[in-house]
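Step one of this worksheet: look at the structure below.
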Amino acid sequence: MARTTGPILAIGGITVANQVIFNEEDMDWRVPIATGIAAMLFSLAERGWEKGAVSLAYLALLTSLIARIGGRPSPIESAAAWWGRGPAEPGKGIGGGGNTGRYRPA
């Protein structure tokens, strides 16, 4: 298996967890499909420029942890809120306190 496969698949898993588990949104099946395609493309790129492809894969992993995408908080923010408040009650968002899971600065 290519050295870039792990970080790329982790990006897909983190994205799905942020969307479905932490923010209680519907599953977007384009994410796993795009993740598989990206893993294959990175595997091909690794054959031509191994050091660069591996570095870019880990940079993308780091970016996926800290970036806010699609109007939702970053995975790190979402995970911290979810673990800090516990699982949500159905229909009440993160932590069950009436929060819809959307980021609202204090």
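The values are calculated or read from the model by the stated rules, or taken from the named source; none is laboratory data. What you see is a predicted model, and the numbers here were worked out from it, not measured in a lab. Backbone-built Cβ (ideal geometry, glycine too); neighbour counts: all protein chains shown. Please note that ligands, DNA and RNA were not included when accessible areas were found on the heavy atoms of the full protein model with its side chains. Shrake-Rupley method; radii C 1.70, N 1.55, O 1.52, S 1.80 Å.
Given the structure, is Ile21 touching a residue at least 40 places away in the same chain (Cβ under 8 Å), of a type in the set (A, V, I, L, M) and open to solvent by 50 Å² or more (accessible area, probe 1.4 Å)? Spelling it out, Ile21 is indeed touching a residue at least 40 places away in the same chain (Cβ under 8 Å), of a type in the set (A, V, I, L, M) and open to solvent by 50 Å² or more (accessible area, probe 1.4 Å). Does Thr15 fit the bill of being at pLDDT 95 or above and either part of a helix (DSSP H, G or I) or open to solvent by less than 90 Å² (accessible area, probe 1.4 Å) (or both)? No.
Does Ala2 satisfy being farther than 13 Å from Leu61 by Cα, touching a residue at least 40 places away in the same chain (Cβ under 8 Å) and either small (Gly, Ala, Ser) or open to solvent by 20 Å² or more (accessible area, probe 1.4 Å) (or both)? First the steps, then the outcome.
Details: farther than 13 Å from Leu61 by Cα: yes; touching a residue at least 40 places away in the same chain (Cβ under 8 Å): yes; either small (Gly, Ala, Ser) or open to solvent by 20 Å² or more (accessible area, probe 1.4 Å) (or both): yes.
Spelling it out, Ala2 is indeed farther than 13 Å from Leu61 by Cα, touching a residue at least 40 places away in the same chain (Cβ under 8 Å) and either small (Gly, Ala, Ser) or open to solvent by 20 Å² or more (accessible area, probe 1.4 Å) (or both).
Among residues of segment 49-74 that are touching a residue at least 40 places away in the same chain (Cβ under 8 Å) and closer than 13 Å to Thr15 by Cβ, those with a Cβ under 7 angstrom from a residue that is surrounded by fewer than 17 Cβ atoms within 10 Å (Cβ to Cβ) and of a type in the set (Val, Ile, Thr), sequence gap 6+ or separate chain, pair up as Leu65/Ile76; Ser74/Ile66. Scanning segment 24-54 for residues that are open to solvent by less than 90 Å² (accessible area, probe 1.4 Å), farther than 27 Å from Gly71 by Cα and not hydrophobic (A, V, I, L, M, F, W, C) yields Ser43, Glu46, Gly48, Glu50, Gly52.
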